[in-house]
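The values are calculated or read from the model by the stated rules, or taken from the named source; none is laboratory data. All values reported here derive from a predicted model rather than from experimental measurement. For neighbour counting, all protein chains shown are included, and Cβ atoms are generated from backbone atoms with ideal geometry for every residue, glycine included. The accessibility values were calculated without ligands, DNA or RNA, using every heavy atom of the protein model including side chains. Shrake-Rupley method; radii C 1.70, N 1.55, O 1.52, S 1.80 Å.
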Amino acid sequence: MNGYCGKMLFVDLTKGSHEVIALTEEMAKQFIGGYGIGAKMLFQRMKPGSDALGPENILGFTTGPLTGTGALLSGRYTVVCKSPVTGGWNDANSGGYFGPELKKAGFDAVFIQGASKTPVYVWINDGKAEIRDAAHLWGKDVLETEAGLKGELGEIKLRAAMIGPAGEKMSLIAAIINDGHRAAGRGGCGAVMGSKKLKAVVVRGTGSVPVADPEKLKKANQDILDTIKNGPAAHVAGAFSTFGTTMLTAASAVSGDSPVKNWGGVGIIDFGENGGRNFDGQVMDAKYRVRKYACANCPLGCGAIYEVKDGKWPVGETGRPEYETSSAFGSLILNDNVEALLKCNHMCNIYGLDTISAGATVAWAIECFENGILSRTETGGIELKWGNAEAIVRTTEEMAAQSTEFGKLLALGSAGAAEKIGKGKEYLVTVKGIELPMHDPRLGPGFARTYAIDPTPARHVKGGLGIQHMQTPDPAKYNAQGSGEPDIRATVVQEIINTAGLCLFKDFTGVQNIAWKLIPPVTGWAFGEEEEMNAGLRIYNMRHAFNLREGMKPADFKLPKRSVGDPPQTGGPLKGITVDHKGFIRNFFKAIGWDETTGKPSRSSLEKLGGMEDVIKSLDL
């Protein structure tokens with residue numbers, strides 16, 4: 001198949017064996033790639049009720065048809081598994097170079113089941129796979145691990161997706177890290193990897209991915225480049241290329257986009273008019289940037305490498321923090337200390353923590369401390385106050401390393417910590433245990449539906465109206481009337497972007513219908529609006545069906561009141577706003593054909609999509 005290797009690797013760590021399974025063209029057309037194929041395979045191969053931290057959970061590393069083909073903006077891969085936080089479907093997306101290398105090594109996906117008794121890593125080299133001892137790597141951070149792997153294997157061009165000590169100790173907010181600072185972060189996938197005693201999946205490939213029409217792909221790439229450089233959004237794309245997501249930080253801190261003070265504050269009041277200026281890309285780049293960073297096949301190159309040589313927390317070379325990180329360790333905790341931000345970001349990267357959940361967990365802990373829920377005895381003497389940079393860094397270090405009882409508590413995430421101590425639940429800002437990301441539905445109401453109803457809750461990188469609403473001062477957006485069909489359309493488009501291996505940041509380029517431009521020349525298939533809609537709905541329903549089979553229903557996914565303005569803020573740009581989140585959710589359910597109480601899709605809607613026979617049977621539709 002063009003765009004695919006046509007092979008998936010299945011590894012059983014309990015048995016110490018592996019086998020190659022064919023990826024059929026029918027499955028590829030129906031589920032595209034990434035978490036589409038991931039959801040299909042896990043639905044087929046995992047028993048309902050499997051322990052997320054047990055050997056029966058399947059951990060998948062999946063790519064899309066555009067990955068490794070040279071198609072622009074196609075450097076992504078996705079990790080899939082059952083979440084140990086939600087107990088349901090989980091996928092987490094990352095950039096860098098691991099995904100394309102996996103394709104060049106001969107596989108569209110790697111699925112890992114079972115659990116090893118001792119630490120191991122999986123080594124995939126040009127189509128050949130083996131399970132190797134990793135006892136000497138256990139306990140090392142991700143930078144030390146990658147250096148050790150390159151020395152041991154003699155392959156300086158290898159790519160690895162790995163866990164640090166946080167994942168080894170099964171922190172529920174542990175991430176999987178590749179390329180030093182790219183993270184498949186959310187939902188506890190690092191903990192799943194740690195539960196299997198799997199330190200890394202390491203790949204090296206010198207092969208190529210077949211493309212149906214190289215000349216048409218070249219033309220499509222050129223058209224995309226022309227739009228980026230000369231199109232209506234050229235100035236935005238240029239700024240994004242230079243400063244990445246940090247171009248949003250300063251404005252978001254005062255506009256109401258960035259949550260403040262654990263979602264209980266107002267940026268312009270509590271953080272100040274210049275509260276986010278220190279984290280603006282232009283300000284940070286001038287002092288710390290040493291070079292640009294771009295993921296594979298990306299003409300934007302939104303990343304950067306910093307170097308912090310001195311000051312209170314010198315970390316050497318480190319990745320520039322993204323907007324989500326800057327907000328989570330900035331406005332959310334009223335911290336304006338850049339060195340503290342860079343230190344916390346670095347700690348999360350090398351220990352392997354999701355920066356969104358890590359910062360949000362610190363925010364929860366601060367509010368608990370401020371309100372007497374946590375005492376100095378429980379924090380180990382840390383004076384955990386809003387904006388206390390030293391306390392924030394120390395808390396993050398202890399959480400990453402689990403070096404103290406307080407650190408071990410916070411490594412469970414905010415919801416896990418509140419559950420363990422039996423208090424502080426009133427200050428949680430989570431959906432199904434997952435901390436909300438750093439875009440406020442009170443400014444972008446479309447995010448409310450996505451945070452609550454996407455099969456992976458509390459995600460800003462999933463489809464819906466949120467991104468369209470973000471930073472848009474339009475009162476009409478708060479009216480949910482007629483939102484269903486546009487919301488479905490936006491959701492479907494993002495399903496294909498994610499599963500094809502494309503980057504969400506195409507939204508900053510001005511390029512329209514990018515999947516229609518790239519999938520046909522790569523695969524040779526017809527792919528336009530109809531194919532996109534059918535495949536996107538099929539994938540979305542499959543992820544949703546995984547949750548239904550685990551016994552989940554819509555009522556289990558509740559938005560925290562603060563996130564929707566219940567009660568509304570009394571000052572600032574979001575004064576008086578309450579989001580009609582129930583209206584957005586109700587309209588979405590009606591448009592997609594799900595029952596509002598049970599969440600079940602209709603049999604007829606699934607039959608119309610095709611390829612959903614196992615879901616129809618399993619859910620007894």
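Brief remarks on what is shown
- Residue ID - farthest from the chain's Cα centre (by Cα), chosen from residues in segment 553-585 that are closer than 20 Å to Ile434 by Cβ and among the acidic types (Asp, Glu): Asp566
- Of all positions in segment 484-502, at least one carries a residue that is over 30 Å from Cys298 (Cβ atoms) and either surrounded by fewer than 23 Cβ atoms within 10 Å (Cβ to Cβ) or modelled with pLDDT of 95 or more (or both).
- Of all the criteria given as (1) open to solvent by 40 Å² or more (accessible area, probe 1.4 Å); (2) within 27 Å of Ile37 (Cα to Cα); (3) assigned to a helix (DSSP H, G or I); (4) not acidic (Asp, Glu), the one not satisfied by Leu548 is (1).
- Among the residues listed as Leu412, Leu428, Leu374, the single one being touching a Pro at 6+ places or on another chain (Cβ under 8 Å) and modelled with pLDDT of 95 or more: Leu428
- For Thr396: the one exception among (1) surrounded by fewer than 24 Cβ atoms within 10 Å (Cβ to Cβ); (2) part of a helix (DSSP H, G or I): (1)
- Those residues of segment 443-453 which are open to solvent by 10 Å² or more (accessible area, probe 1.4 Å) and part of a loop (DSSP other than H, G, I, E, B), in sequence order: Leu443
- Complete set of residues in segment 379-433 that are under 26 Å from Lys82 (Cβ atoms) and of a type in the set (Asp, Glu): Glu419
- In segment 366-393, the residue that is least open to solvent (accessible area, probe 1.4 Å) out of those that are part of a loop (DSSP other than H, G, I, E, B) and in contact with a Gly (Cβ under 9 Å, 6 or more places away or on another chain) is Leu374.
- Taken over segment 459-483, the criterion of being assigned to a loop (DSSP other than H, G, I, E, B), buried (at least 23 other Cβ atoms within 10 Å of the Cβ) and in contact with a Gly (Cβ under 9 Å, 6 or more places away or on another chain) is satisfied by Arg459, Gly463, Gly464, Leu465, Ala480, Ser483.
- Among residues of segment 388-399 that are within 14 Å of Glu367 (Cα to Cα), those with a Cβ under 6 angstrom from a residue that is open to solvent by 10 Å² or more (accessible area, probe 1.4 Å) and of a type in the set (D, E, K, R), sequence gap 6+ or separate chain, pair up as Ala391/Glu383.
- The set of residues from segment 135-160 being touching a Gly at 6+ places or on another chain (Cβ under 9 Å) and hydrophobic (A, V, I, L, M, F, W, C) comprises Leu137, Val142, Leu143.
- Pairs, first within 16 Å of Gly3 (Cα to Cα) in segment 15-35, second at pLDDT below 95 and open to solvent by 50 Å² or more (accessible area, probe 1.4 Å), C-beta under 7 Å, six or more apart: Glu25/Met1; Ala28/Met1
- Meets criteria (part of a helix (DSSP H, G or I) and over 24 Å from Ala391 (Cβ atoms)) for Leu248: yes
- The condition of being of a type outside the set (Val, Ile, Thr), in contact (Cβ under 8 Å) with a residue 40 or more places away in the chain and touching a Lys or Arg at 6+ places or on another chain (Cβ under 6 Å) holds for only one of Gly583, Gly599, that being Gly599.
- Residue within segment 216-227 that is farther than 21 Å from Lys506 by Cβ and modelled with pLDDT of 95 or more present: no
- Every residue from segment 512-535 that is within 14 Å of Val492 (Cβ to Cβ), assigned to a loop (DSSP other than H, G, I, E, B) and open to solvent by 30 Å² or more (accessible area, probe 1.4 Å): Asn513
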